[in-house]
1. May I ask you to compute the full-extension gain from Ile36 to Ala150, defined as 0.36 nm times their residue separation minus their alpha-carbon distance, rounded to one decimal in nm?
2. Quick check: residue separation of Lys138 and Met104 times 0.36 nm, minus the Cα distance between them. What number comes out in nm?
3. For Leu60 and Ser19, compute 0.36 nm times the residue count separating them, minus their Cα-Cα distance, and round to one decimal in nm.
4. Round to the nearest 0.05 the FRET efficiency obtained for Leu166 and Arg82 when R0 = 41 Å and r is the Cβ-Cβ distance.
Amino acid sequence: MIEHILSVLAGFTIWVISSGGYLGIALLMAIESACIPLPSEIIMPFAGYLVSTGHFDLYLAATAGAIGCNIGSIPAYELGKRGGRPAIERWGRYVLIGPGELDMADRFFARFGNSAILIGRLLPVIRSFIAFPAGVAKMKVLPFHLYTFAGSWPWCFGLAWVGMKLGDKWNSDPRVKAAFHSADAIIAVVLLAGAAFYIWHRVKGMKTRR
């Protein structure tokens, strides 16, 4: 069961990137930035692995990922801008976004202002929700996209670089391959347990607030 789920998820990511190239990277990162649970920590390292095989250029892969982040941030920004917090609280539950995430993003934006977009894009969790308070605050569109791109590019580059380095070592150093194989079962259990807890926690929170 675990292997089947992981193979489906991995297969989808691999198929999109392998078939779509840089456009596939941008598409998947857009999905991630639209607050749909498809972690960039999976997308960009695989893109980096394809860099190691010569299919992609590292800088272009990072740029495609950052562009995807900009595209995926548009719905969240517009929802916050046009409907304010009530609209986000109403529709956010459909992608398991609760008041806790919104409060965290709101506080971060209130503390750093427009620079929160740049800083937040470099931080796990916050990066996925920071577009909402920017929209609520009616931050100007051009600075929003410039800051989003500037913050997303190093994030995408770093993850892709890690994937590239692991790809370089995969066949050249048998210790890397052995370490990954020995940890497969543990990684699978941890990933699925984390995903299950995340969904359970969000759904429980939604029911409690009804």
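Bear in mind these aren't lab numbers, they're just calculated from the coordinates by the rules spelled out. Since the model is a prediction, treat every value here as computed from it, not as a measurement. Note that each Cβ is placed from the backbone with ideal geometry, even for glycine, and that neighbours are counted across all protein chains shown.
1. That pair, Ile36 and Ala150, stretches by 38.9 nm at full extension.
2. Answer, rounded to one decimal: 10.4 nm.
3. 13.1 nm
4. 0.45
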